[in-house]
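Below: the structure, in structure tokens.
The values are calculated or read from the model by the stated rules, or taken from the named source; none is laboratory data. None of the values given here were measured: they were computed from a predicted structure. A quick note on method: Cβ atoms are made from the backbone with ideal geometry, for glycine too, and the neighbour counts reach across all protein chains shown.
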Amino acid sequence: MKISLKEVVLVLGDSHCEVFLHPALSSAFSEYKFNVIAVGGATVSGLQNPNSVTQALPKFQDALRTTKAHSIIFMLGEGDTGFVIWYRAQKYGLPVDTMYEQALSNYQKLLRNVSKYFHVVCISTPLPSIVDDNTWGEIANLRREVRATQQERTALTLRFNRDMQVFCEQSAIPYMMLDGLSLGKNGLLMDSMRHPDPTNHHYDPIKHAAIIEAPLRAMLASRSMWRSSLPGRLWGYLLRRTVQIVCL
């Protein structure tokens with residue numbers, strides 16, 4: 001029987017985290033095996049909702065309970081700042097800020113709890129790629145009811161990423177801020193970061209992988225400091241195999 005000596009890294013997020021399945025990252029991190037749990041449509045706004053359509057939280061909890069990984073990578077939020085926050089504000093007449101703070105609080109609580117048991121890395125939320133009045137492609141068509149402009153959606157995403165960066169720095173959680181590498185001079189997503197398929201709302205996977213590679217290597221290396229906080233970490237590592245991890 002062939003035994004793999006690669007270190008497992010668990011990746012949790014929405015469909016944008018599928019970039020970790022790209023050969024460019026597999027090749028660059030040949031000593032690691034990325035176990036990717038990409039839940040399409042997952043939002044941090046809906047994590048507390050037991051009736052959520054995606055059922056992202058139970059899927060993440062199952063993965064956390066069974067993983068052999070020490071490091072967990074999170075990439076969430078695009079569905080929130082690009083759609084759900086705006087949609088709920090329109091539908092229920094609630095302030096955007098109220099929906100925003102709920103999403104921010106949910107994400108921070110998730111990371112805070114998971115970081116008690118694992119070395120956590122958080123990657124900034126991808127910037128909106130869907131231009132105004134665009135109905136090409138499945139995602140753009142589903143989001144056509146939202147009246148917020150790409151400029152407004154981008155501004156909210158930038159705010160979200162800044163707030164998450166501050167939280168992570170204060171919580172000693174490595175945070176990968178990619179906005180400076182993906183924001184164009186016009187204040188919107190760089191054209192060079194767009195997916196070659198105009199109906200696809202994800203980043204170009206090759207470009208996305210390229211800007212992730214260098215900072216990720218340093219952040220995965222930082223797990224040695226996380227491991228040094230034993231015996232508390234060791235107890236958490238053993239505990240998560242016998243009890244349910246309550247993320248929220």
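Annotations
- Subset tally (residues that are in contact with a strand residue (DSSP E or B) (Cβ under 9 Å, 6 or more places away or on another chain), among the polar types (S, T, N, Q) and either at pLDDT below 85 or part of a loop (DSSP other than H, G, I, E, B) (or both)) for region 181-223: 2
- Hey, T54 among the polar types (S, T, N, Q), in a loop (DSSP other than H, G, I, E, B) and farther than 26 Å from I206 by Cα or not: yes
- Among residues of region 170-211, those that are surrounded by 13 or more Cβ atoms within 10 Å (Cβ to Cβ), among the small types (G, A, S) and touching a residue at least 24 places away in the same chain (Cβ under 8 Å), counted: 4
- Verdict on L57 being of a type outside the set (V, I, T), crowded, with 22+ Cβ neighbours inside 10 Å and touching a residue at least 12 places away in the same chain (Cβ under 8 Å): yes
- Region 64-87, residues that are charged (D, E, K, R) and crowded, with 20+ Cβ neighbours inside 10 Å: E78, D80
- Exactly one residue among V44, V19 is part of a helix (DSSP H, G or I), among the aliphatic types (A, V, I, L, M), under 15 Å from the mean Cα position of the chain (by Cα) and at pLDDT 90 or above, and that residue is V19.
- K6 meets the stated requirement of being of a type in the set (K, R), touching a strand residue (DSSP E or B) at 6+ places or on another chain (Cβ under 7 Å) and modelled with pLDDT under 95.
- Test: residue in region 78-87 that is closer than 23 Å to I173 by Cα and of a type in the set (A, V, I, L, M, F, W, C): no
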